[in-house]
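Presented below is the structure to which this report refers.
The values are calculated or read from the model by the stated rules, or taken from the named source; none is laboratory data. Keep in mind that this is a model prediction, so the values were computed, not measured. Don't worry about glycine lacking a Cβ; one is built from the backbone with ideal geometry, like all the others, and counts go over all protein chains shown. Note: areas computed on protein heavy atoms with side chains; ligands, DNA, RNA excluded. Shrake-Rupley method; radii C 1.70, N 1.55, O 1.52, S 1.80 Å.
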Amino acid sequence: MSDYVPTEADLAVRECLENNRSFALIAGAGSGKTRSLIVALDEIRSHSGPILRQNGQRIACITYTNRAVEVISSRLGFDDLYQVSTLHSFLWGEVGRFQKDIRDALQNHRIPALLARAREKDNGRETKEARRAREQVARLEAELAGIADVAEFKYADAAFSDYLNGRLSHDDIIEIAGYLLAERPNFRRLLGLRYPYIFVDEAQDTFGSIVAGLNLVCAQDGLPLVGYFGDPWQQIYEGRAGDFAPPPGGRTINKVENFRSAPPVIELLNVFRTDVQQLPAGENRNLTGSVEIRLVQAETPLGERRRYSDPQLERALRAMDQALAAWGWDGREDVIRLFLVRQMIARRLGFSDLHQLFTGQYASSRAQDDYESGEHLLLKPFVKILCPLIAAHQRGESRKVIDILRADSPGYSTTGPNATRTLKEMIDRSNEQLQTLSGLWETGTIKDVLIFCRNHDFLSLSDRLRYQLAREPRQEEYDEALHGEDKGDWLADNFFAMPTVELQAYCDFMLENTAYSTQHGVKGEQYPNVMVVFDDVEASWNLYSFTKLLTPRTVGEPTDGQRDRGRKLAYVCFSRACENLRILLFTPNPVQAQQELIERLHLRPDQITIA
């Protein structure tokens, strides 16, 4: 990092480290937050690394995603002085050793809280929600009564708990760790001894109980210290810390440089956000760049659940195409198109039926989340292996086919039963099997493809997926009250019966092989040209209203929740643009909205057009 010139914020962080003072770095979009984090971590290694190693201590760096773990670890040279991990992984690594305390946290905090919530939902009537609440209360009471007999608690990165069998979920880890940090001084002391320096990346997306707990760990002057790196305006997930702050006596530092965006984009960001005024820095100071908004007359939705009907969806997509043409962006591959949700993306790319299934009545909220991340047990084999494999086979890339199979297929593993075969033998074998698989892909169902892969050792299938493939399809008519907890069976049956035709489009989208993305999905990314589509029909109505956020005089004030969520998501979208930003806004009153946008966002009249 010899060519790196530290900013004023970096110098302030260095001063905090030299004085063993906790801090919070507020770093706006494009400010080089990750570089500031790496510089700080590297400086600790330089001046304190030897004594930390001698004492058997490490530097903790908690970040949000596995991808971020890889990036940060790589830039630090994979030095084991650092414990770089995701939040859940870090917390379980510290909490898992304290089995008695886990039991106490479940008995005294976690399960009683879940019971209280379930009891609140039981109004004594015979509604579906009340019946489900009573069933949940009975289950939780049995688990609370039997928790003392559980031999060991484990965390298997699962979404659901099974307390009597000792299985803990994602949410359990956060709640248990928050409880121990708040209630167990010895736990805090041991954590501080193991990690004299605790850095938290993307601090705005960390849970409030964990921030409060780490502040208790580092409450005294001197070591241990905690350093937060993040931006409250880029907190787009519910129930997170948001406006994080260091412990009393800590320092809040603002980093004002923007190394990403052209000056016109930064000007819009500074009007939209008033707490940190960014300055162009680095090479982007010389970019020309531009910001333009196009207003389209909004339609009243005619579909179910206040959604677009198919003809309306087609008209909305046509309006998007017309906007791209008007901006001279039609057909360009260097333009990213951002939508709030996937309805329009699925329609345009060709996986509407798949989208409808995984957002419909058989999909739990967790199933929807896993569908959106590509991690659902039904979809993961296609995203990770099968779709790339079929695509490589269709392109005649035999070596890539073998590489995929060697890495992910038990039948082709370098340590498997065919490890001694020659490359030619394996290529011939793969060609033969892929011919059959390709035929099934074209004419069979998804279940046909998965059964072939299972029978020929093409995939390492999870136990849950093997169970779904092996059981008989559910014949009962689905009833939410009776079958709510088993709705995944109906989801699997409907998925298995589908043809494969939509899977490649879905996988291309998930593997970022298209020009489309969701507004949540681009956090942390940057693109030369960005088109943001704001349409309140897509905006879940009560959660977001971008017309109210941007033009409150025209359509009315948003609720506090709509304003807070909307401004953060809009800021994330606007700040992805390196050079040119285009906003397509569907509004019930384009003429009045145009005037209000000019006044509120300090834009010129020629920057806003009406379709």
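Solvent-accessible surface of the chain, taken per residue with a 1.4 Å probe and all protein chains present: 46 Å². Between THR274 and LYS154, full extension at 0.36 nm per residue minus the direct alpha carbon distance yields a gain of 38.7 nm. Per residue, the convex hull spanned by the alpha carbons of the stretch 191-329 comes to 186 Å³.
The calculated FRET efficiency for ILE427 paired with GLU599, based on their beta-carbon distance and R0 = 60 Å, is about 0.35. Within the shell defined by Cβ-Cβ distances under 10 Å, the residues around GLU557 carry a net charge of +2, with Lys and Arg each +1 and Asp and Glu each -1. Note on the stretch 128-175: Rg/Rh from Cα positions, Kirkwood definition for Rh, rounded to two decimals, is 1.02. For ARG395, what is the net charge nearby, where nearby means another residue's Cβ is under 15 Å from its Cβ and Lys, Arg count +1, Asp, Glu -1? Counting the neighbours of ARG395, the net charge comes to -1. In order along the stretch 327-332, phi translates into HN-Hα couplings of 8, x, 9, 5, x, 7 Hz, rounded to whole numbers, per the Karplus curve 6.51 cos²θ - 1.76 cosθ + 1.60 with θ = phi - 60° and x for Gly and Pro. For the chain, the Cys residues with no second cysteine's beta carbon closer than 4.7 Å are CYS16, CYS61, CYS218, CYS453, CYS573, CYS578.
The base-10 log of I(q)/I(0) for the stretch 470-520, evaluated at q = 0.30 Å⁻¹, reads -1.11 [Debye formula, identical scatterers on Cα atoms, solvent excluded]. In this simple spin-label approximation, VAL256 and ARG167 carry label points 7 Å from Cα along the Cα→Cβ vector, and these lie 5.3 nm apart. Relative contact order of the chain, taken over Cα pairs closer than 8 Å and 6 or more residues apart, is 17 percent. Atom-type composition of the exposed protein surface of the stretch 228-316 places 47 percent of the accessible area on carbon and sulfur (1.4 angstrom probe).
For the stretch 50-72, the residues whose amide N sits under 19 Å from a probe point set 7 Å from the Cα of LEU223 along the beta carbon direction are 50-62. Ranking ASP321, ASP80 by solvent-accessible area of protein heavy atoms (1.4 Å probe, all protein chains present), from largest to smallest, gives ASP80, ASP321. The calculated 222 nm mean residue ellipticity attributable to helices in the chain amounts to -14000 deg cm²/dmol, summing -39500 (n - 2.57) over DSSP H runs of n ≥ 4 and dividing by all residues.
What would the Debye formula give as log10 I(q)/I(0) at q = 0.28 Å⁻¹ for the alpha-carbon point model of the stretch 240-298, no solvent? Results for the stretch 240-298 at q = 0.28 Å⁻¹ read -1.12.
Classify the stretch 288-405 as rounded, prolate or oblate from the Cα gyration tensor: take a ≥ b ≥ c as the square roots of its eigenvalues, call it rounded if a/c is under 1.5, otherwise prolate when a/b beats b/c and oblate if not. Because a/c hits 1.5 or more and a/b fails to exceed b/c, the stretch 288-405 counts as oblate. With a cut-off of 11 Å between beta carbons, the residues surrounding GLU183 carry a summed charge of 0, where Lys and Arg count +1 and Asp and Glu -1.
Of all stretches in the chain that contain no trypsin sites (Lys or Arg not before Pro) in a DSSP loop with at most 15 other Cβ atoms within 10 Å, the longest one is 126-306. A DSSP coil position with no more than 16 other Cβ atoms inside 10 Å describes the following GluC sites (Glu not before Pro) in the stretch 146-186: GLU152. Within the accessible surface of the stretch 491-605, defined with a 1.4 Å probe on protein heavy atoms only, the carbon and sulfur portion equals 49 percent. Among the listed values [x] 27.2; [y] 28.4; [z] 30.4, the one computed from these coordinates for Kirkwood radius over Cα pairs in Å is [x]. Label sites at ASP79 and ALA182, each approximated as a point 7 angstrom past Cα along Cα to Cβ, lie 3.6 nm apart.
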